[in-house]
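A.B. asks: Please read through the structure below; I'll follow up with questions.
Each value in this text was obtained by applying a stated rule to the coordinates, not by laboratory testing. None of these values were measured; they are calculated from a predicted model. Cβ placement follows ideal geometry from the backbone for every residue including glycine, while neighbour counts extend to all protein chains displayed.
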Amino acid sequence: MDSFTLGYYQPAHPRLVININKHPENINVFALNSPYRIVMDFMFQQAKNHGKPHNVFFKRPKLQLTTNNIFEQLGLSIHTIMIDPGHGGHDPGAKYHGIMEKDINLKMARILGYILSKHGFNVLYTRTKDKYLTLQERTQMANLLHADLFISIHCNANPKRYINGLEIYYLNFTKNKEAIRIAARENASVNKKISDLRFILADLLINSKINESADFARILNTSLKNYLRRHYPGFRNNGVKKAPFYVLLGTQMPSILIELAYLSNSKDRHLLTNPNFLSRIAYGILKGIQNYQKQIQIYAWKE
Ligand SMILES: [Zn+2]
């Protein structure tokens with residue numbers, strides 16, 4: 001940044017002018033609470049990804065065979081995973097028969113974090129307590145701490161109680177009414193309508209990791225489906241879907257949102273309160289991350 005000046009455009013309208021000597025690829029401006037502040041992210045081409053794995057889909061990495069771990073040198077290793085247990089504090093998420101989504105999400109996050117760290121990953125959490133965080137704060141935490149993957153954990157709900165199963169979402173436009181309904185439910189804590197989101201989305205889609213997130217979602221879902229089929233053959237997998245989830249907006253790494261199962265369905269609800277089921281899901285996610293890591297390394301060598 002070269003310089004900035006603060007002046008008064010009109011008596012009640014202060015104006016901040018920022019002079020920068022390079023054209024940013026993307027600018028993201030938003031407000032955060034406690035303390036109140038305005039955060040501006042200027043994203044430039046070289047500084048943006050810190051050599052992280054998501055580069056490999058677009059650029060041929062330069063091979064310099066000088067260290068023992070070539071994948072690490074190429075930035076093709078996944079080190080840091082940000083786990084985001086959805087909702088918290090005054091926002092319980094879905095609620096059925098006294099069971100609150102925010103509590104299941106946190107339990108799942110803890111089990112997943114434990115298993116991932118046991119397998120060598122650096123695990124970060126957006127929250128480890130029953131605490132409210134805005135959706136933007138969650139995304140920004142992942143960006144500021146340079147996470148390689150972002151996984152937001154949720155439980156689904158539907159007025160039609162027979163609907164059940166697991167879904168994995170990545171961020172994109174969709175015309176699917178059910179996916180829009182689920183995104184609107186998960187976006188409820190943000191005072192923005194899906195129609196407002198379309199404009200923000202259009203702006204951010206150019207620079208976001210949609211292709212990488214879609215790849216990650218598909219690989220994760222296949223691994224999870226194969227793993228869960230062996231242990232819970234009756235459990236339904238509804239596959240990978242796209243929807244405009246606010247919490248996935250602006251993340252600079254492959255990001256997905258997993259809806260573990262339906263709290264509104266009695267069989268699913270029973271599973272969600274069973275720690276063995278949550279552990280099985282965590283192992284399925286671990287396998288998915290390991291397979292995704294293998295896949296990005298294969299892509300890099302094939303290019
Ligand atoms: Zn949720």
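A.B. asks: Full-extension gain between TYR132 and ILE27, please, as 0.36 nm times their residue separation minus the C-alpha to C-alpha distance.
C.D. replies: 35.2 nm
A.B. asks: For an R0 of 22 angstrom, estimate the FRET efficiency from the Cβ-Cβ distance between LYS107 and HIS146 and round to the nearest 0.05.
C.D. replies: The calculated FRET efficiency here is 0.25.
A.B. asks: Counting Lys and Arg as +1 and Asp and Glu as -1, what is the net charge of the other residues whose Cβ lies under 14 Å from the Cβ of PRO85?
C.D. replies: -1
A.B. asks: Given points 7 Å out from each Cα along the Cα-Cβ axis, report the LYS225 to PHE173 separation in nanometres with one decimal.
C.D. replies: 2.7
A.B. asks: What is the magnitude of the charge dipole of the stretch 70-302 about its Cα centre, with +1 placed on the Cβ of each Lys and Arg, -1 on the Cβ of each Asp and Glu, and no other charges, expressed in debye to the nearest 20?
C.D. replies: Result for the stretch 70-302 is approximately 780 debye, rounded to the nearest 20.
A.B. asks: May I ask you to derive the FRET efficiency for HIS90 and LYS267 from their Cβ-Cβ distance with R0 = 30 Å, giving the value to the nearest 0.05?
C.D. replies: So, using R0 = 30 Å, E works out to roughly 0.55.
A.B. asks: If we sort 147-157, 100-110, 274-284, 236-246 on the protection proxy, mean other Cβ atoms within 10 Å, highest first, what's the order?
C.D. replies: Descending packing order for the listed peptides: 147-157, 100-110, 236-246, 274-284.
A.B. asks: Note down the relative contact order for the stretch 70-302 as a percent, whole number, built from C-alpha pairs under 8 angstrom at least six residues apart.
C.D. replies: 29
A.B. asks: Per 0.36 nm of contour for each residue apart, how much would the distance between SER3 and ILE180 grow if the chain were fully extended, relative to their Cα-Cα spacing?
C.D. replies: Fully extending the segment from SER3 to ILE180 adds 59.5 nm.
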